[in-house]
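First comes the structure, then the notes that go with it.
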Ligand SMILES: [Mn+2]
């Protein structure tokens, strides 16, 4: 059974509004498929967004205490869904939540080798030791990779913050560099570039996609996933071009067209090892074109659901 998990935490973002992404997609569903959320009833993770009214206690990794709580809840929920042999489709507020998703997959399948396909404008590989902003939505992959990146340290991290950060990383590495691939990444800082080069993490760029074509790029991604037992696809809507809409926390020019990213995702989810799909960072407050980002995101979600349903019916 496909289940819809909504994790509306937006504590990791630098601008406000990503917690409204779900509601904006709900509004979009009236236009494109009013039955969608009737068939797929959302299960909500309790969030800590009230902490946005409080002072920031951990500026180098903002609101990390709240993020840690949400992270643990997400981990438990993912584990529950997967132990029930159900398939989670996740709508999430900001991308920091994906760290909890990965933690949950790993606790359900501790002995499986997990592959991650990260479709994003950003590499999300900062740590509190390297982040210039302290926004945790730039750090989720580092929690999974068990990465502090002290070689590139530019920030002094207070003991209390590093303790929470270590708790997020958990006991051991959940994701190996060799099982990670990026698509659409085009904006990263020096410390992230250092990791990308050092660990040779491939990135299928928008230009690659247009130069080499769809099939070749999907083949490249799947070659990277060759040794993996499970595959998780994390789709940050900022991987798409801001000409569609600026309704996301950190838009970057030069992204995928909606049709391109939809075709990519529809091909990736055919793989029988797929264990979770997540869509994140829809922010209607920042939308300069009405509800265009949520409408685009909803249509992709709708196609993904239709395809997954057909796949599981077989
Ligand atoms: Mn992201």
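Put in order of Cβ neighbour count within 10 Å, fewest first, the listed residues 96, 127 become 127, 96. When both region 174-207 and region 86-121 are represented by their alpha-carbon centers, they are found 17 Å apart.
Measuring r between the beta carbons of residue 151 and residue 243 and using R0 = 35 Å, the FRET efficiency lands at 0.40. In plain terms, the chain from residue 15 to residue 52 could stretch by 12.2 nm, reckoned as 0.36 nm per residue minus the Cα-Cα distance. For the pair residue 220 and residue 32, label points projected 7 Å from Cα toward Cβ lie 2.7 nm apart. With 5 Å bins beginning at zero, the pair-distance distribution over Cα atoms of region 1-101 amounts to 2, 13, 23, 21, 17, 13, 7, 3, 1 %.
Express in % the proportion of alpha carbon pairs of region 156-201 at distances exceeding 13 Å. It works out to 69 percent of all Cα pairs. Note that the chain carries a Kirkwood radius of 19.1 Å, evaluated over its alpha carbons pair by pair. Annotation for residue 160 and residue 257: the two label points, set 7 Å from Cα along the Cα-Cβ direction, are 5.1 nm apart.
The P(r) of region 68-139 has a tail past 13 Å containing 68 percent of all C-alpha pairs.
Taking neighbour Cβ counts within 10 Å as the exposure measure, how do 161, 15 sort from fewest upward? The partial results should precede the final answer.
Values: 161 22, 15 14.
Fewest to most other Cβ atoms nearby, the residues stand as 15, 161.
Which residues in region 238-264 place their backbone N less than 13 Å from a point set 7 Å from the Cα of residue 207 along the Cα-to-Cβ direction? Taking a point 7 Å out along Cα→Cβ of residue 207, the residues of region 238-264 whose backbone N falls under 13 Å are 254-255.
Which whole-angstrom value gives the distance between the alpha carbon centres of region 272-312 and region 130-148? That distance is 24 Å.
Where a number appears in this text, it was derived from the coordinates with a stated rule and is not lab data. A quick note: this is a predicted structure, and the numbers were derived from the prediction, not measured. Heads up, the Cβs are rebuilt from the backbone with ideal geometry, glycines too, and the neighbour counts pull from every protein chain shown.
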